[in-house]
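The block underneath contains the structure these notes are about, expressed in structure tokens.
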Amino acid sequence: MFFCVLASGSHGNATWVEENDKAVLIDNGLSAKEVETRAKARGLNLNHLKALAITHEHSDHIKGVGPLARRYNLTVLTTKKTAQAAAPTIGRVQLKHFEPGADVDLGFLTLSTVAISHDAVEPLAYVIKGDSKVLGLLTDIGRVTHLVRESLKNLTALVLEFNHDLTMLLEGEYPYHLKQRVRGDGGHLSNEAGAALLGDLYHPGLKRVVLGHLSQQNNTPVLALRAAQAVLDRLGVKPYLSAAEQDEPTPVFEL
Ligand SMILES: [Zn+2]
Ligand SMILES: [Zn+2]
């Protein structure tokens, strides 16, 4: 099993996860052409793409879903409510619904879905299970719940939101209502909150951590990585740590 975060941030998100020459894309906020360019740059084969799963209907996660699904004949997987909310953006695609919290068997990977707190109709985190490896994808989360902590145990790799540095957000140029939205229960995790959650989720089997959905206005990779490193240093552990970017895909990470 391997994965590559093709893009991460408020201008577009997409994560490629592949097992045995079959791949699923989680979200697509990129144009079909940009997905093709980024996938090819990392040696990913677009013919391996079999399905596209959606976390929630915000445009940075779905604006490229329709064109890509139609071009590659992909089934789009999400909850009924999210599909309804996303329909005007996505247009006609082949859809498969599931209930939030359901396990979705793709045949090559299993997607366990976890309801999260974010200001969308039915937002989800995904826990993606291969033969023996487990990848957690957790971004766009306002508040860390008991369910999240319980559901994201025992991961091999984790893509975790480190959205903003709280001081940069509060002192930055966002209008007051947007600052409140970002830091609220329906918003995004700060570096501090992400680091605390990383400390809770860490176990010796967690080999790789990728920080995601970093704000370009209210965060820097250096600050996010420093916050994550501090908690890992406190635990005395050294999983591979990096930050995903908006404009460049990550390397391909083999689990
Ligand atoms: Zn987002
Ligand atoms: Zn969102």
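Checking the table Lys50/Lys133; Lys40/Lys63; Lys50/Lys179 against a 31 Å threshold on Cα-Cα, which pairs fail?
On the way: Lys50/Lys133 20 Å; Lys40/Lys63 21 Å; Lys50/Lys179 38 Å.
Pairs exceeding 31 Å: Lys50/Lys179.
Under 8 Å for C-alpha pairs, at least 6 residues apart: give me the relative contact order for the chain, rounded to a whole percent. In percent, rounded to a whole number, it is 19.
Give me the net charge of Ala120's neighbourhood, meaning all other residues with Cβ under 10 Å from the Cβ of Ala120; Lys, Arg count +1, Asp, Glu -1. Before the final figure, lay out each step's value.
On the way: positive: Lys81; negative: Glu57, Asp119, Glu122, Asp140.
Net charge around Ala120: -3.
Report the residue, chosen from Thr113, Thr139, Thr89, that carries the largest GNM mean-square fluctuation when the chain is represented by alpha-carbon nodes joined by springs under 10 Å. Looking only at Thr113, Thr139, Thr89, the largest GNM fluctuation is found for Thr89.
Sorting Glu161, Glu171, Glu18 from the fewest to the most surrounding beta carbons within 10 angstrom yields Glu171, Glu18, Glu161. The label point for Ser132 and the one for Thr167, both projected 7 Å from the Cα toward the Cβ, are 4.5 nm apart.
Modelled this way, with points 7 Å down the Cα-to-C-beta line, the labels at Leu235 and Ser31 are 4.0 nm from one another.
When each of the peptides 95-108, 222-235 is scored by the mean number of other C-beta atoms lying within 10 Å of its residues, the order from highest to lowest reads 222-235, 95-108.
Starting from 0.36 nm per residue, how many nanometres of slack lie between Lys81 and Leu46 once their C-alpha separation is accounted for?
Numbers: separation 35, 0.36 × 35 = 12.60 nm, distance 2.85 nm.
Stretched fully, the Lys81-Leu46 segment lengthens by 9.7 nm.
When DSSP beta bridges are restricted to pairs lying wholly in the range 2-254, around 50% turn out antiparallel. Ranking of Phe162, Phe253 by neighbouring Cβ atoms within 10 Å, starting from the fewest: Phe253, Phe162. Each helix, a run of at least 4 DSSP H residues, gives -39500 (n - 2.57); summed and divided by the residues of the chain, these come to -8500 deg cm²/dmol at 222 nm.
FYI, it's all coordinate maths here, none of it is from the lab. This one's a predicted model, so the numbers in the text were calculated from it and none came from an experiment. Reconstructed Cβ throughout: ideal geometry from the backbone, glycine too, with neighbour counts over all protein chains shown.
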